[in-house]
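Single-structure report; data block below.
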Amino acid sequence: MIGTNPIKIGARERVLGLTRFGVDQGRPGDLYLLLLRAFTAPARIKRLESDAAGRLPGVVRIFTAADIPGINRIGIIPSTKDQPVLSDGLIRCRGEAVALVAAETQEAGMQALGAIELELEPLAGVFDPKRALEPDVPLVHEKGNLLFRQRVIRGHADEALARSPYRLRTVYSTAPVEHGPLEVEGGRADWEDGRISVTACTQNPHYDQSDLARLLGLPPELIRVRQSETGGGFGKKLDLSVQSYLALAAFHLKRPVRMVYSREESFLGTGKRHALLIDYESGMDAQGKLTAVKVDILGDSGAYASYGFAVCMRAAVHATGPYEVPHVLVDSRMAYTNNAWAGAMRGFGVPQMAFAHEGQMDGLADLIGLDPLELRLGNCLRNGSTTATGQILKDSVGIGDCLRRLGKIYRAWQPRVRSDERFRRGLGIGAMYYGIGNTGVSNPSSAQMEFSASGELIVYTGAAEIGQGSDTVLAQMAAHYFGMPLEQVRLVRGDTKRTTSAGASSASRQTYISGNAVLDAARDLERILKEGAAAMWECRLDEIEYKSTGMEGPRGESIPVTEIVARLARQGREVKGNGRFDPPVTVLDHQTGQGAPYASYAFAAQLASVEVDTVSGLVRVPRVAAAHDVGRAINRRAVRGQIAGGVVMGVGFATMEEFIPGKTDNFREYHMPTMADAPRITPLIIESHDPSGPYGAKGVGEPSLIPTAPAVANAASRALGVRMTHLPMSLERVMETLSQTRNSKPEIRNKSGF
Amino acid sequence: MAETIDFFLNGELVSVQCPENETLLYLLRERVGLRSVKEGCGVGECGACTVLLEGRAVNACLLAAGKVRGRRVTTIEGLSPKGRLHPLQEGFLLMGAVQCGFCTPGLILAAHSLLEENPHPSREAIVQGLAGNLCRCTGYHDIIRAVKWAAKRMPERE
């Protein structure tokens, strides 16, 4: 069962078109909810007049911030809840929601939006994160424009750099990126006897419940959140979106309501990948060993915090990449601006950092005249290495294996890479490591398990399945534990009434953390069954053996599982195993960033071949080989699927994606890779077996994306002979680079075949 | 102004009252209640709303309801009439081409249209034929494999 390829749970319903997503929840008779958004930012609301609009036919009610009974501030991180659900009088960024219309039809709702009178007084704003941290600038929030700062200090980086024979300093920057799941935000809410029930697409139903309770000033028990089937997330569905409006309207109107964002609203109304500015200096000794890195990171959180705190911290922790660096000085800051707000997106800042540290590795390889793959192999972490935060990695450090595996392909591809008059070609490597789970904080998962009367194994989990395959992987683990076929496992998932919290489906954490919680529940259930059998047969627990058909005693006794369950139930015992897992981590020291922020790390390296068209500036990526140390692949098909999906999203990040509010807010202008842009992908699964993981597994959801853009950027840099330091490498940027370098000697040597 | 629009939906004649210029997408989702037809962008860029009109893939979000009068419209339900999976559906399952599954009905229908025109497409022909359908989860890798798998198993046409 472990390491096999069962068909994904829910896939059959999906190919038949039976699956109901968040956007499919609406039913006849539901009221439609629509938002009035403001497009001038920053601004102050001078006048908001909705009485006339509220009297239009078909309009039921119009809500503003005054209608929020609880706290009009949401946000996943408890210390930075700063985002109003409906404007508190200020418009801090473009697209801020001002008023909520409930209407009998979509058309009536649209009419009402047009009839609401909104007068805004523009204010001075700040749009550059560097400027935002200078004195005497407009404040986005009263507390100041610095959202968070995290340093990582190990050894003496300045002195070590001064002593290093090779030094390289480069400034890298990245653009805001949209997640682009095919399903936008959507859902439905209902009211019954003072209880509100919300069904919507989400990555974290239990968080949704707690912030909705705060928003409405109700105890959480009165709010039930059910995760509908979810059409992709990638971090976009971690923050609350339609849920807040659905719950607010259902609370006041006491009747069912439905809401779906338009695609444009979905772009505007959710957080983006943080644009980071990374000033990176590396030092290397004459033998090609990294001596020190000094990294300054500045992130743009936009108008709200969302996950900014976590991205700031994770970027700092991962600044060195998967390498041993004895001296480290990282200063990571996250600033508020009046730009579009940023939130979690697949990788939490690490994709941006990997672009920088991998650009440095290639740059250093050129400086010292070493092969980029060999240079990485000579510096990469291994079992027993110490990370930048002083954590000793005891085992399961698979980066060396990933690089060696790629090496064979690298050497096979090299002779084929030749540039001609029009097309410049190159190969590039990107490597990464990624801490599984949240950074330096408790982030537990819990699960329960029981046998039904008919012998089905029921797994209760709060873990949101968003397409990544957690349902299947958790069910496989449960089935494997009890030696049962997968078809006999049933999941109860993502419902605050029936399941307990698994934390977010983010940070590549569900396989590892919820997987461990499921195994813990399985052990607990087995213990309960064995106790029942031991009491019946008057023997010790360790004399009882569990077989897939039932329990066997020391004197040849046997009893089917269903019978022992029934027997225990008759005795009034709850035959439900309870499981919990919280990865053992330490809080990072605030001054030095030292600590053990994660219990497990995934590793990966990818190789990209790139072709740059010197006429159009188009960067094409014909091939990618992707080697991923996932600990153990629970479901090989799903792991390969994650890798392929991550690679193509990484190609988009590298070559085309940039969110510009008001300009690229639908797929017409915002280009994501189509099938024609997707490389041929060779997924390579490396299994280092993490003893702390469920059956040895770690995670792969985000790692799949992280090395791609660095590999593509390094390949494009090789092809062009100049270091590409900004993502995306859009047509315009590539043409600009070409025109600047046409008359100068290339910075990067193009060794034969490379 | 509501009009009567008669058309064949998955082989059955249906009659719907709606304005001529309403989109086929709205008609199918909200009036007929077929939620398998998805809206991804509303501007014809993502292909999630793909249906077959006389066997050819079209974006239902761009097509006025009046245009289907008297014509045959096929949605994903029309591919597996008795619950028996079409080879494309089976291929998507077996090759792991389904992750979140939101793009799946549209992609399967677009692939159906492609295979009608070109029963044995090359990789390049598959890529060309399906480049109008976005998928954000799979990286297309397994979708291409699924279409190839299905192409080998499509019933031969007379």
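Couple of notes before you dig in:
- Yes/no for residue A:16 being assigned by TED's automatic domain parsing to the domain that holds residue A:97, closer than 27 Å to residue A:92 by Cα, surrounded by 15 or more Cβ atoms within 10 Å (Cβ to Cβ) and more than 28 Å from the chain's Cα centre (by Cα): no
- Test result for residue B:45, acidic (Asp, Glu) and not in a helix (DSSP H, G or I): yes
- Residue pairs whose Cβ atoms lie under 6 Å apart, separated by 6 or more positions or on different chains, with the first residue in the range A:1-26 and more than 7 Å from every other protein chain (Cβ to nearest Cβ) and the second among the polar types (S, T, N, Q) and part of a helix (DSSP H, G or I), are A:1/A:476; A:9/A:472.
- Answer from A:592, A:562 - the residue that is surrounded by fewer than 17 Cβ atoms within 10 Å (Cβ to Cβ), at pLDDT below 95, touching a strand residue (DSSP E or B) at 6+ places or on another chain (Cβ under 7 Å) and away from every other protein chain (no Cβ under 14 Å): A:562
- Condition met for residue A:534 (out of contact with any Gly (no Cβ under 9 Å at 6 or more places or on another chain), among the aliphatic types (A, V, I, L, M) and not in a loop (DSSP other than H, G, I, E, B)): no
- Filtered by the rule that a residue be in a strand (DSSP E or B) and under 32 Å from the mean Cα position of the chain (by Cα), the range A:104-160 gives A:146, A:147, A:148, A:149, A:150, A:151, A:152, A:153, A:154.
- Residues within the range A:372-389 that are buried (at least 18 other Cβ atoms within 10 Å of the Cβ) and of a type outside the set (A, V, I, L, M), tallied: 6
- Residue count for the range A:383-434 under the criterion of being aromatic (Phe, Trp, Tyr) and part of a helix (DSSP H, G or I): the result is 2.
- Residue selected from the range A:618-644 under the condition within 12 Å of chain B (Cβ to nearest Cβ) and within 19 Å of residue A:355 (Cβ to Cβ), by the criterion nearest to the chain's Cα centre (by Cα): A:643
- Matching residues, the range A:599-647, being part of a loop (DSSP other than H, G, I, E, B) and either farther than 25 Å from residue A:382 by Cα or of a type in the set (D, E, K, R) (or both): A:614, A:615, A:616, A:617, A:618, A:632
- Test: residue in the range A:275-297 that is surrounded by fewer than 22 Cβ atoms within 10 Å (Cβ to Cβ), small (Gly, Ala, Ser) and over 30 Å from residue B:43 (Cβ atoms): yes
- Looking at A:248, A:212, A:240, just one residue is part of a loop (DSSP other than H, G, I, E, B), assigned by TED's automatic domain parsing to the domain that holds residue A:110 and hydrophobic (A, V, I, L, M, F, W, C), and that residue is A:240.
- Check on residue B:155, modelled with pLDDT under 95, outside any helix (DSSP H, G or I) and more than 9 Å from chain A (Cβ to nearest Cβ): yes
- Unmet requirement for residue A:265, which otherwise passes all of (1) in contact with an Asp or Glu (Cβ under 6 Å, 6 or more places away or on another chain); (2) surrounded by fewer than 24 Cβ atoms within 10 Å (Cβ to Cβ): (1)
- Among the residues of the range B:62-75, the ones that are assigned to a loop (DSSP other than H, G, I, E, B) and either more than 16 Å from residue B:37 (Cα to Cα) or more than 9 Å from every other protein chain (Cβ to nearest Cβ) (or both) come to 5 in all.
- Tabulated pairs, the range A:190-211, first within 12 Å of residue A:229 (Cα to Cα), second in a helix (DSSP H, G or I), C-beta under 7 angstrom, 6+ apart or interchain: A:200/A:22; A:200/A:242; A:200/A:243; A:200/A:246; A:201/A:22; A:202/A:208; A:202/A:243
- Selection within the range A:474-503: residues that are of a type in the set (S, T, N, Q) and in a loop (DSSP other than H, G, I, E, B). The member of this set that is nearest to residue A:189 (Cα to Cα) is A:496.
- Residue match in the range A:499-511 (condition: touching a helix residue (DSSP H, G or I) at 6+ places or on another chain (Cβ under 7 Å), under 30 Å from residue A:612 (Cα atoms) and buried (at least 19 other Cβ atoms within 10 Å of the Cβ)): no
- Only one entry of A:217, A:194, A:155, A:186 meets the criterion of being buried (at least 17 other Cβ atoms within 10 Å of the Cβ), of a type outside the set (A, V, I, L, M) and more than 22 Å from residue A:500 (Cβ to Cβ), and that entry is A:186.
- Looking only at the range A:665-695, and only at residues there that are in contact with a His (Cβ under 8 Å, 6 or more places away or on another chain) and more than 10 Å from every other protein chain (Cβ to nearest Cβ), the one that is farthest from residue A:606 (Cα to Cα): A:695
- Residue match in the range B:108-128 (condition: without any contact (Cβ under 8 Å) to a residue 24 or more places away in the chain, touching an Asp or Glu at 6+ places or on another chain (Cβ under 8 Å), within 20 Å of residue B:74 (Cβ to Cβ) and not assigned by TED's automatic domain parsing to the domain that holds residue B:42): no
- Per-region count, the range A:27-52, residues over 23 Å from residue A:249 (Cβ atoms) and either crowded, with 21+ Cβ neighbours inside 10 Å or within 9 Å of chain B (Cβ to nearest Cβ) (or both): 3
Residue-wise test of (1) more than 14 Å from chain B (Cβ to nearest Cβ); (2) aliphatic (A, V, I, L, M); (3) at positive phi.
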| site | (1), (2), (3) |
| --- | --- |
| A:55 | yes, no, no |
| A:71 | yes, yes, no |
| A:75 | yes, no, yes |
| A:78 | yes, no, no |
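- Among the conditions (1) of a type in the set (Lys, Arg); (2) more than 14 Å from every other protein chain (Cβ to nearest Cβ); (3) buried (at least 23 other Cβ atoms within 10 Å of the Cβ), the only one that residue A:61 does not satisfy is (3).
The values are calculated or read from the model by the stated rules, or taken from the named source; none is laboratory data. Bear in mind the structure is a predicted one, so any value in this text is a computation, not a measurement. Note: ideal-geometry Cβ built from the backbone for every residue, glycine included; neighbour counts use all protein chains shown.
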